[in-house]
Amino acid sequence: MAAIAYANQHVGNGAIINSKWILTSASAVFFVEEALYYVKVGADSFTSPGFWYEVFHIYRHPEFVGWDYNIALIQLKDNVRYTETVKPIALPGDDPEFFTGKLLSYGQNEHGTRHLREADYTIVADDRCVNFLTDSSARQMIIDKQGYCLFGHDQGQFYSDAGAPVVANDQLYGLFAFAEHHGGVNDGSVATRVFKFTTWIQEKMTQIG
């Protein structure tokens, strides 16, 4: 789990996939001035002690526009030091249409804090998801197999949850992308479907080294 900061402000979340790379949604790293980005790991909340790492470069998917291809790789200047609570997570080995998992985020909560929290969700990518969504671009993301619907219990998601990992069986299946109508408990929440992009992720990391 990683928190992403821009100009010392929390703007998103991500997942450690190896010691030099953080995977996140492209919407979590929307600002273009890369020198102002930092990544924090090993913290209970965004404001509590942890380990900071400078960002070397951000690689957004070349076809990212709007909500399409909403995924990005963050290359760090230094290797993340692994501990008992700071470890990488595996990319998904399968591509289910329905499963249960957890979403983890430093996003601002109802108490006005940015404490790391997890919540249980049902993750769906079939017709139930398409029919539930009202935004046409969100529905198309599911039809193109680029996303999942997230169905939680009394949980809302907002812009500061961008890039939040969706995990199950010790694998990274999704990254929170957006909530329809700017977020809320009853609005449609969509996560980027990581399996769709595993080839791009692996090729990019191999290319850069």
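The values are calculated or read from the model by the stated rules, or taken from the named source; none is laboratory data. The shown structure was predicted, so the numbers you read here are calculated from the model rather than taken from an experiment. All Cβ positions, even for glycine, are placed from backbone atoms using ideal geometry, and neighbour counts span all protein chains on display. Surface accessibility is based on the protein's heavy atoms, side chains included, excluding ligands, DNA and RNA. Shrake-Rupley method; radii C 1.70, N 1.55, O 1.52, S 1.80 Å.
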Query raised in the report: Shape of the stretch 9-89 from its Cα gyration tensor (a ≥ b ≥ c, root eigenvalues): rounded if a/c is under 1.5, otherwise prolate when a/b > b/c, or oblate?
Result: prolate
**Report entry** Separation between Cα centres of the stretch 127-143 and the stretch 1-72, rounded to whole Å
**Finding:** 26
**Report entry** Share of carbon and sulfur in the accessible heavy-atom surface of the chain [1.4 Å probe, %]
**Finding:** 51
Requested in this report: For residue 57 and residue 102, compute 0.36 nm times the residue count separating them, minus their Cα-Cα distance, and round to one decimal in nm.
Outcome: 13.4 nm
Requested in this report: With label points built 7 Å along Cα→Cβ from the Cα atoms of residue 115 and residue 170, find their separation and express it in nm.
Outcome: 2.9
Report task. Between residue 127 and residue 199, with labels modelled 7 Å along Cα→Cβ, what's the label distance in nm to one decimal, could you check? Result -> 2.9
**Report entry** Among 94, 78, 161: highest mean-square fluctuation, GNM of the chain, C-alpha pairs under 10 Å
**Finding:** 94
**Report entry** Estimated Rh, the chain: Kirkwood, alpha-carbon pairs, angstrom
**Finding:** 16.7
Report task. Determine, from the Cβ-Cβ distance of residue 145 and residue 19 and an R0 of 30 Å, the FRET efficiency 1/(1 + (r/R0)^6), rounded to the nearest 0.05. Result -> 0.50
Report task. Could you count how many Lys pairs in the chain have their Cα atoms under 26 Å apart, skipping same-chain pairs fewer than 8 positions apart? Result -> 20
Query - Rounded, prolate or oblate (a/c below 1.5 giving rounded, otherwise prolate when a/b exceeds b/c) for the stretch 70-111 by Cα gyration tensor - result: oblate
Query raised in the report: Once the whole set of protein chains is in place, how much accessible area is left on residue 120, using a 1.4 Å probe, in Å² to the nearest 10?
Result: 90
Query raised in the report: For the stretch 45-100, which GluC sites (Glu not before Pro) are in a loop by DSSP, counting at most 16 other Cβ atoms within 10 Å?
Result: 63, 84, 97
Query raised in the report: Whats the longest run of the chain with zero trypsin sites (Lys or Arg not before Pro) that are DSSP loop and have at most 13 other Cβ atoms within 10 Å?
Result: 1-76
Report task. Mind giving me the nanometre distance, one decimal, between the label points for residue 84 and residue 31, set 7 Å out from Cα along Cα→Cβ? Result -> 3.5
